[in-house]
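Inspection log for the structure reproduced underneath, given as C-alpha cells.
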Amino acid sequence: MRELSLNVMDIAQNSVRAKASVIKIEITENTEQSTLEIKITDDGCGMSEEQVKSVIDPFFTTRTTRKVGLGIPLFKMAAEQTGGYLDIKSQLGKGTVVTAKFISSHMDMTPLGDINSTISILIRCNPDTNIVFTHSVDDKTFTLDTRELKEVLGDVPLDTPEVMQWIDDYLKEQTEILYGGAL
C-alpha cells in the first residue's frame, strides 16, 4: 500500500467485521527517537492462537469473497523494511490488538498518508461503531472519541453532513496544532 493510513483502514474494517463495538486507533510519533507507532485495538470476536499465527500469511483470510488477505502481511512488511516490527495479540471473545512500529527516518519508510480522511471515512461508513482516535506527536496529543460526540449530539447521527464536516474540521485543526502550523 502506498500509505500507512490505508493499512489502518484495512485493519479497522477487519475489526468492524469482527463485530467490534469500540475500535481504538493510536498514532504515536516520536521525532527525537525517529519512531512511528500505530496501534489498533478492538473488542471484537478475537482470534485463536492459530489464527494469529496464520494472519501474517497472505494466503490466509477469513473472508469468503477472495482467497488471499494482504492487509496484515503488507503492514508487517512495511514495518520490518524500516527496522520495525508488527505484533498481534488476540483472545477469542475479547478482541485484538495490532501494533506496528516503524523507524520513521529509514529510507524505506512508507508515508503515514491522510490519516484524518481515513478516520473520517471509518466514522462515516460505520456510524454505529465507536471509534476512538488518538494522535500524538512528541508531547502533544489529541483524541476524538465518537462515544463523547454521540453523548453530546443525542439523536443526531454521526454521519449527518454537518457533523461529518465538524469532525473533518476538528481533525484538521488538531493535526495542525500537533505539527505546529498549517498543513
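A few comments on the model shown:
- Index of the failed condition, I119 passing every other in (1) within 30 Å of D57 (Cα to Cα); (2) in a strand (DSSP E or B); (3) of a type in the set (V, I, T): (2)
- Only residues that are touching a strand residue (DSSP E or B) at 6+ places or on another chain (Cβ under 7 Å) and not in a strand (DSSP E or B) were counted across the stretch 124-166, and they come to 4.
- For the stretch 1-54, a residue qualifies if it is modelled with pLDDT under 95, under 16 Å from N126 (Cα atoms) and acidic (D, E), and exactly one does: D10.
- The set of residues in the stretch 24-47 being open to solvent by 50 Å² or more (accessible area, probe 1.4 Å) and farther than 17 Å from I119 by Cβ consists of T31, E32, Q33, D43, C45.
- Contact map, the stretch 70-90: residues that are open to solvent by 30 Å² or more (accessible area, probe 1.4 Å) paired with residues that are part of a loop (DSSP other than H, G, I, E, B) and among the aliphatic types (A, V, I, L, M), Cβ distance under 9 Å, separation 6+ or inter-chain. Pairs shown: L70/M1; L74/M1; K76/I56; Q81/M109; S90/M47; S90/V55.
- When D57 is tested against (1) farther than 20 Å from K94 by Cα; (2) modelled with pLDDT of 95 or more, just one condition goes unmet, and that condition is (2).
- Each residue in the stretch 143-168 was checked for being out of contact with any Pro (no Cβ under 8 Å at 6 or more places or on another chain), within 17 Å of I131 (Cα to Cα) and among the acidic types (D, E), and 4 pass.
- Any chance D128 is at pLDDT below 95 and more than 15 Å from the chain's Cα centre (by Cα): yes
- Only one entry of T118, T160, T143 meets the criterion of being open to solvent by 50 Å² or more (accessible area, probe 1.4 Å) and not basic (K, R), and that entry is T143.
- Hey, Y179 modelled with pLDDT under 95 and in contact with a strand residue (DSSP E or B) (Cβ under 8 Å, 6 or more places away or on another chain) or not: yes
- Qualifying residue in the stretch 112-125 (condition: under 30 Å from Q165 (Cβ atoms) and out of contact with any helix residue (DSSP H, G or I) (no Cβ under 8 Å at 6 or more places or on another chain)): yes
The values are calculated or read from the model by the stated rules, or taken from the named source; none is laboratory data. Here the structure is a predicted model, which is why all the values come from computation and not from measurement. Positions of Cβ are generated from backbone atoms using ideal geometry, with glycine treated the same way; all protein chains shown enter the neighbour counts. Accessible surface is based on the protein model in full, side chains and every heavy atom, while ligands, DNA and RNA are left aside. Shrake-Rupley method; radii C 1.70, N 1.55, O 1.52, S 1.80 Å.
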